[in-house]
Amino acid sequence: MQGSVSSSSLLAWVCWKLGVDLGKVDYRHTSQICPNCGAHTGQKYLSEHEHKCPECQYEINRDVAAAKVICHRGVTAAFAYRRAN
Ligand SMILES: [Zn+2]
């Protein structure tokens, strides 16, 4: 009988095996923040596919914008962790 492996534990193992840091970030509201200037741009409808910042005029695909916000949060958390340890 085979045991099941969750995707998060598999990812943790792969990162450990490769010597890559793994951390978790807050995924909430990532589509409501401008990755260029950090301004809150408000909730978007699912039909809105473009991020258009009224503050800095930055335009990009909304999913790419959300990914950039997640990346920024991860890098910020990693630097904060390394400074503290
Ligand atoms: Zn902006």
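Since every read-out is calculated from the coordinates, none of them should be taken as a lab result. From a predicted model like this one, the values you see are computed outputs, not experimental measurements. Note that each Cβ is placed from the backbone with ideal geometry, even for glycine, and that neighbours are counted across all protein chains shown.
What FRET efficiency comes out for the pair L22/C56, r = Cβ-Cβ distance, R0 = 35 Å, nearest 0.05?
Result of the calculation: an efficiency of 0.65.
Using Cβ-Cβ distances only, list the Cys residues of the chain with no partner cysteine under 4.7 Å, sorted by number.
Cys with no partner Cβ under 4.7 Å: C15, C71.
Taking the Cα atoms only, what angle lies between the long axis of helix 7-18 and the longest principal axis of the chain, rounded to 10 degrees?
70
Taking the Cα centre of region 24-84 as the origin and placing charges on Cβ (Lys, Arg +1; Asp, Glu -1), which of A80, Y45, Q32 is farthest toward the positive end of the dipole?
Ranked along the dipole, the leading option is A80.
Could you work out how far helix 62-84 tilts from the main Cα principal axis of the chain, as a 0 to 90 degree angle to the nearest 10?
60
Could you size up the charge dipole of the chain around its Cα centre, putting +1 on the beta carbon of Lys and Arg and -1 on that of Asp and Glu, and report it in debye to the nearest 20?
Dipole about the Cα centre, nearest 20: 320 debye.
Hey, any idea what the orientation-averaged projected area of the convex hull of the chain's Cα atoms comes to, in nm²?
On the way: hull surface 33.8 nm².
Over all viewing directions, the chain projects a mean Cα-hull area of 8.5 nm².
Around I60, with a cut-off of 15 angstrom between Cβ atoms, what is the net charge of the other residues, counting Lys and Arg +1 and Asp and Glu -1?
Details: positive: K44, K52, R62, K68; negative: E48, E50, E55, E59, D63.
Summing Lys and Arg as +1 and Asp and Glu as -1 gives -1.
With a cap of 16 neighbouring Cβ atoms within 10 Å, and only residues DSSP puts in a loop, list the GluC sites (Glu not before Pro) found in region 43-85. Numbers along the way, then the final one.
On the way: sites: E48, E50, E55, E59; in loops: E48, E55.
Of the GluC sites (Glu not before Pro), the ones in loops of region 43-85 whose Cβ has at most 16 other Cβ atoms within 10 Å are E48, E55.
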